[in-house]
Amino acid sequence: MTNHSPVRIAIASGKGGTGKTTLATNLAAYIAEQEEVVLVDLDVEEPNSGLFFKGDLIHEESNVKMTPQWDEPKCTFCGLCQKVCNFHAVLQLGPTILVFPELCHSCYACSELCPTDALPMISKRTGKLSDLRINNLHFVESRLDVGEEQAVPTISKTKQYSNENYTHLRIEIDDCPPGISCPVIEATKNAHFVILITEPTPFGLHDLTLAVETMRALKKPMGVVVNRYGIGNEAVIDYCQKENITILAKIPNSRRIAELYSSGKLIYQEIPEVKELLSTILDYCLKVSKGGIA
Amino acid sequence: MKLAFTAKGTEWDSMMDPRFGRTQFIVIYDDHNQILTSFNNSAVEHEAHGAGTATAQKIFELSPDVLITGNGPGSHAVQALKQINMRIFTEAHNMTIKQAFEKYKNGELNEI
């Protein structure tokens, strides 16, 4: 298995709060009972997988992005910077150029095209990346600083860090952001298999449908995990059957599971049924992803 | 003096648009010659990002003395508007431009 990148299993959902972190942390810890594994929290706007692990910090670094900084004496107020910015992150207001670093997408257009080099790019901290070790489990997370708006560059950088440092492992588990917008695309686009976790409610079904369509557009092999099975109705099950999507597992609705989660404990260690479900999910993901690591 | 209103139409009886960045129209009243003019801001609908700063740029070009709007601009737009010393009055929503103007004159709007 050496010289291969790991099989990347991304755990995503349409709706938030359906159990991405529950599944990601339990699956990663379950795998770590047998082999080294890396869990990457790509929900950089609100990373919470780390709440379940206390380990040794082995590396920490700042995440940065490049944004232009106005060099007033060089400026001729030609207005080109404002014209080329698709994100309205550079404004020319009379004799002043205003730069909004949070809106900037680091495309360099204003900086490169400025005829007098009056907008040099400088680096700006956007958050931090941490890498922890808990026995066999490597845990990588990035956390955006408060007020930072752009998750995508941080997600990309966090993936890159994991790729550079954990190529020798067999499996990577990615805890993805909710929704179906750019951060989710960035988080899942290199995955070998995507697990969509949902709850069996009308709201869960609505957002699952959007997530399925998104993953189909990305041509990702996928399966569905129904969490809190027993509440709501059977519409999610019917939908998956109609659309030919494998239901990997149904995690029962249980007060005990909620209690364990809310006290920061791993569920499968206390509930054998969940451990069996994890085993089934993992076997299926690896079987389907095999093409990706052959 | 020129007053700018964020609005859903171009007449005195048009409703105010509570949004700043994504307002449909910017209506300008010049109390000197008592003329109401408007700028169609709907192009901003296609902007995924930076609607607030784009509209602030437009306000700068229209150069009113006062801005009257609803919810209030976001922090980036406020930063741009403060740069050009714009006086900003908010909470003029669920009413017509005329009613917003009256409230402004009576000092009933919130200045930020």
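Couple of notes before you dig in:
- Value of relative contact order over segment B:2-111, rounded to a whole percent, pairs C-alpha under 8 Å and six or more apart: 30
- Gaussian network model of chain A, Cα within-10 Å springs - most flexible of A:L103, A:L278, A:L169: A:L103
- DSSP bridge orientation in segment B:2-111 - percent antiparallel, rounded to nearest 5: 75
- Entry note, chain A: relative contact order of 28 percent, from Cα contacts under 8 Å with a spacing of 6+ residues.
- The residues packed around A:N227, meaning those with a beta-carbon under 12 Å from its beta-carbon, carry a net charge of +3 if Lys and Arg are +1 and Asp and Glu are -1.
- Measuring nothing but how far apart in sequence close Cα pairs (under 8 Å, 6+ apart) lie, relative to its length, segment A:156-294 scores a relative contact order of 19 percent.
- Assuming charge only on the beta carbon of Lys and Arg (+1) and of Asp and Glu (-1), the dipole of segment B:2-111 about its Cα centre is about 160 debye to the nearest 20.
- Of all the options A:N190, A:N163, A:N244, the one that moves most in a Gaussian network model of chain A with Cα springs shorter than 10 angstrom is A:N244.
- Segment B:20-112: GluC sites (Glu not before Pro) falling in loop per DSSP and having at most 16 other Cβ within 10 Å: B:E108
- Under the span-like rule (Cα at least 15 Å along the axis, Kyte-Doolittle mean at least 1.6), DSSP H helices of chain A: none
- With every protein chain in place, segment B:2-111: carbon and sulfur % of accessible area (1.4 Å): 43
- Estimated D of the protein assembly as shown in µm² per second, where Rh is the Kirkwood radius over Cα pairs and Stokes-Einstein applies at 37 °C, 0.692 mPa s: 136
- Span from the segment A:215-294 Cα centroid across to the segment A:80-126 one, whole angstrom: 45
- From largest to smallest, the equivalent ellipsoid semi-axes obtained for segment A:1-81 from the alpha-carbon gyration tensor read 40, 18, 14 Å.
- In segment B:64-78, comparing the full protein assembly with the chain on its own, the residues that lose 50 Å² or more of accessible surface at a 1.4 Å probe are B:H76.
- Checking every one of the trypsin sites (Lys or Arg not before Pro) in segment A:216-294 against DSSP loop status and a limit of 16 other Cβ atoms within 10 Å picks out A:K219, A:K265.
- The Cys residues in chain A with no partner Cys Cβ within less than 4.7 Å of their Cβ are A:C75, A:C78, A:C85, A:C104, A:C107, A:C114, A:C176, A:C182, A:C240, A:C285.
- Pairs of alpha carbons in chain B whose separation is greater than 25 Å (percent): 10
- If both residues of a DSSP beta bridge must be in chain A, then about 45% of such bridges are antiparallel.
- Interface area, A with B, accessible, probe 1.4 Å, both sides summed, Å² nearest 100: 1200
- Solvent exposure of the protein assembly as shown amounts to 46 Å² per residue of accessible area, where only protein heavy atoms count and the probe is 1.4 Å.
- Most mobile of A:I58, A:I171, A:I281 in a GNM of chain A (Cα contacts under 10 Å): A:I58
- Spin-label pair A:T167/A:R255, simplified geometry with 7 Å Cα→Cβ offset, distance in nm: 5.2
- Among the listed pairs A:K15/A:K250; A:K20/A:K124; A:K220/A:K265; A:K265/A:K287; A:K242/A:K275; A:K124/A:K157, those beyond 23 Å (Cα-Cα): A:K20/A:K124; A:K220/A:K265; A:K265/A:K287; A:K242/A:K275
- In a reduced charge model with +1 at each Lys and Arg Cβ and -1 at each Asp and Glu Cβ, segment A:169-278 shows a dipole moment near 160 debye about its Cα centre.
- Residue (of B:F5, A:F53, B:G107) at the positive-pole extreme of the protein assembly as shown, dipole from beta-carbon charges: A:F53
- Legend: translational diffusion of segment A:60-154 by Stokes-Einstein, Rh = Kirkwood radius over C-alpha pairs, 25 °C, 0.890 mPa s; D = 166 µm²/s.
The values are calculated or read from the model by the stated rules, or taken from the named source; none is laboratory data. Everything numeric in this text was worked out from a predicted model, so none of it was measured. So basically every Cβ, Gly included, is an ideal-geometry build from the backbone, and we count neighbours across all protein chains shown. Calculation scope for accessible area: heavy atoms of the full protein, side chains included, ligands and nucleic acids excluded. Shrake-Rupley method; radii C 1.70, N 1.55, O 1.52, S 1.80 Å.
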